[in-house]
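Remarks on the structure that follows.
All of the numbers you see were taken from the coordinates with simple rules; none came from a lab. What you are looking at is a predicted structure, and each value in this text was computed from that prediction instead of being measured. Cβ atoms come from the backbone with ideal geometry, glycine included; neighbour counts cover every protein chain shown.
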Amino acid sequence: MESDADNLRQAVRDELNDDVGLYTRLASEAEARGENTLAEHFRAIKAQEERHHATFEQAVEKAFKAN
Ligand SMILES: [Fe+2]
């Protein structure tokens, strides 16, 4: 069984890999179809997900600094 700290760190990695990766791919696909406005929206969401990831990562590391 993983510790709470390990589980939270995995959740942080999943957010980066899943959410940021998803919106990066969606933006590329939209751009390839010539849907530039949609691609811009996906890039804006991607930037928000990157901020979520950084904030979450900092919070987890602070909370489990002793581990
Ligand atoms: Fe998020």
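Placing +1 on each Lys and Arg Cβ and -1 on each Asp and Glu Cβ, with no other charges, gives the chain a dipole about its Cα centre of roughly 180 debye.
Average 1/r across all pairs of distinct alpha carbons in segment 4-63, invert it, and you get the Kirkwood radius: 12.1 Å. Each stretch of four or more DSSP H residues adds -39500 (n - 2.57); spread over every residue of the chain, this sum gives -25500 deg cm²/dmol at 222 nm. The length gained on full extension between residue 18 and residue 2, counted as 0.36 nm times the residue separation minus their Cα-Cα distance, comes to 3.7 nm. Note on the chain: with a GNM built from Cα contacts shorter than 10 Å, the maximum mean-square fluctuation among 31, 50, 15 falls on 31. For the chain, chymotrypsin sites (Phe, Trp or Tyr not before Pro) meeting the loop criterion (DSSP other than H, G, I, E, B) and having at most 14 other Cβ atoms within 10 Å: 64. With contacts taken as Cα pairs under 8 Å and at least 6 residues apart, the chain reaches a relative contact order of 40 percent.
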